[in-house]
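Let me begin by presenting the structure, written as structure tokens, before commenting on it.
The values are calculated or read from the model by the stated rules, or taken from the named source; none is laboratory data. For clarity, every value in this text was computed on a predicted model and none was experimentally measured. Ideal geometry is used to build each Cβ from the backbone, glycine not excepted, and the neighbour counts take in all protein chains shown. Please note that ligands, DNA and RNA were not included when accessible areas were found on the heavy atoms of the full protein model with its side chains. Shrake-Rupley method; radii C 1.70, N 1.55, O 1.52, S 1.80 Å.
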Amino acid sequence: MLPPVQIIARKRDGGEHTRSEIAALVEGYVAGEVHDHQMAAWAMAVCLRGMTESETAALTESMWRSGVTLQWDGHPLPRVDKHSTGGIGDKSSLILAPLLACCGVCVPMVAGRALGATGGTLDKLESIPGFRTNLSARELSGIVERIGCVITGATSEMAPADRKLYALRDVTATVESIPLIAASILSKKLAEGLDALALDVKCGAGAFMKTVARARELAQLMVRTCERLGVRATALVTDMNQPTGRMVGNTVEVNEALETLSGRGPSDLVELVLALGGDLLLGVKRAESVQSARAILSQKLHNGQALEKFREMVAAQGGALDRPRPIETPHLVCADRAGFLFAIHGEQIGQALIALGGGRTSIGAPINHAIGMELLVRLAEPVEREQPLARFFAPADAWQRIAPTVRSAFCIADAPPPAPVLIAERIQ
Ligand code: URA
């Protein structure tokens, strides 16, 4: 192998790595032979110089293979999953895992925690008393065999290279690189041993990707990387200029997921679930057309099967849905003038919920799951002066401190903004 310093120099000078150079770098890093300062220099060189598609695929593969891949030998059903780059109020994973498990596929979903202002699937599920998100690989496979779906955190054996590299990128201003993001996301998902993956790349004020151009670039790169690595993938670029559904926060999002699994979900959330789920059923040939995929999924949301599957999954993971899941006292945020709801600063809302105690400010800190928000008006709708725009669930003293900041997250104008389009693009 070339010494790490020469590999770093090649990228610094804008060169292209071979597959074996990348493998050597990643393997050396996990083994402790390539040091943090060398990996940080390399990550910065990648940020500035970029990577080709073939380098991105090699990096993804090396990081994925740095740990264990879940084994499904002899398992009769195809494995599918979805990944979202993170949005305010996006609880679609909670719905998709049990819904798809009712449709002849299984879902070994390894999910994450809150990142920045966006919520995390694991934190939402932990608002259910007793729910375990730290399953071993053996427990995970056992539940998938029995129930067809599971939602849990990554085990320490899955993609360890990503865990180490992500922590380094976080403190060296190297998170922003699209090839590094693609390899990081995909290495964890491919370790699930999937046949198909649906990607939801969020775009807008409340998202990691602020512009459609960057969201499209990431979506295309991830789909092509999956193709090179033999996994069918599709990606949607979806709007994150307002929360998905009405609820934001841990307990209230679980409640909205339960409503959606009972066939009474808000239209944007249902649309997102049908689009992502439909792509997966088509990808593994469990449906013949987009229309039939949507019809199958919609039926399972309305006939109680998806809800029953969610209950089974929660019980298998130790959760007790019948135990109380309290919500804090509601406080209204009202319009200070008449007009149209023109913009919602999702990041500000996410940060406000964190400041209220509904999210973390340090790794591993406890969360008050009872904190949340309900959006009462959607973008572009007309509003009267003093009309309630949102309801925040928070302890009174904490609410007094944060209320003025929260009010400025809602922008009212004389004319409506262009009508929001939920699914901006689909990439195959
Ligand atoms: N999420 C990930 O898992 N990795 C990144 O690099 C960015 C977001």
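When segment 194-212 is filtered for residues that are among the small types (Gly, Ala, Ser) and at pLDDT below 95, the ones remaining, listed by number, are 204, 205, 206, 207. Can you tell me which residue in segment 262-284 is surrounded by the fewest Cβ atoms within 10 Å (Cβ to Cβ), limited to those that are touching a residue at least 24 places away in the same chain (Cβ under 8 Å), in a loop (DSSP other than H, G, I, E, B) and out of contact with any Pro (no Cβ under 7 Å at 6 or more places or on another chain)? Out of the qualifying residues, it is 262.
Condition check for residue 136 on (1) open to solvent by 10 Å² or more (accessible area, probe 1.4 Å); (2) in contact (Cβ under 8 Å) with a residue 24 or more places away in the chain: one failure, at (2). State whether the residues of segment 218-228 include one that is away from the ligand (no atom under 12 Å from the Cβ), free of Cβ contacts under 8 Å to residues at least 60 places away in the same chain and open to solvent by less than 10 Å² (accessible area, probe 1.4 Å). Checked against the condition, which is being away from the ligand (no atom under 12 Å from the Cβ), free of Cβ contacts under 8 Å to residues at least 60 places away in the same chain and open to solvent by less than 10 Å² (accessible area, probe 1.4 Å), segment 218-228 yields at least one hit.
Here the helices (runs of 4 or more DSSP H) wholly within segment 1-105 that include at least 1 residues being open to solvent by less than 30 Å² (accessible area, probe 1.4 Å) and touching a residue at least 60 places away in the same chain (Cβ under 8 Å) are 19-30, 36-49, 53-64, 92-101. Looking for something open to solvent by 20 Å² or more (accessible area, probe 1.4 Å), assigned by TED's automatic domain parsing to the domain that holds residue 109 and more than 9 Å from the ligand (Cβ to nearest atom) - is there at least one such residue anywhere in segment 178-185? Checked segment 178-185: no residue is open to solvent by 20 Å² or more (accessible area, probe 1.4 Å), assigned by TED's automatic domain parsing to the domain that holds residue 109 and more than 9 Å from the ligand (Cβ to nearest atom). For segment 341-367, a residue qualifies if it is assigned to a strand (DSSP E or B) and open to solvent by 60 Å² or more (accessible area, probe 1.4 Å), and exactly one does: 342. In segment 361-372, the residues that are more than 12 Å from residue 126 (Cβ to Cβ) and modelled with pLDDT of 95 or more form Cβ pairs under 6 Å with partners that are acidic (Asp, Glu) and open to solvent by 20 Å² or more (accessible area, probe 1.4 Å), at six or more places apart or across chains, as follows: 370/328; 371/328. State all residues of segment 116-166 that are assigned to a helix (DSSP H, G or I), away from the ligand (no atom under 15 Å from the Cβ) and among the small types (Gly, Ala, Ser); if no residue qualifies, say none. Correct list: 137, 141, 142. Scan segment 397-406 and tell me whether some residue there is open to solvent by less than 30 Å² (accessible area, probe 1.4 Å) and not in a helix (DSSP H, G or I). Within segment 397-406 (the criterion being open to solvent by less than 30 Å² (accessible area, probe 1.4 Å) and not in a helix (DSSP H, G or I)), the answer is no, since none of the residues qualifies.
Note on segment 78-92: residues that are within 14 Å of the ligand (Cβ to nearest atom) and of a type in the set (Ser, Thr, Tyr) amount to 2. Of note, residue 189 does not satisfy the criterion of being open to solvent by 30 Å² or more (accessible area, probe 1.4 Å), part of a helix (DSSP H, G or I), within 15 Å of the ligand (Cβ to nearest atom) and modelled with pLDDT of 90 or more.
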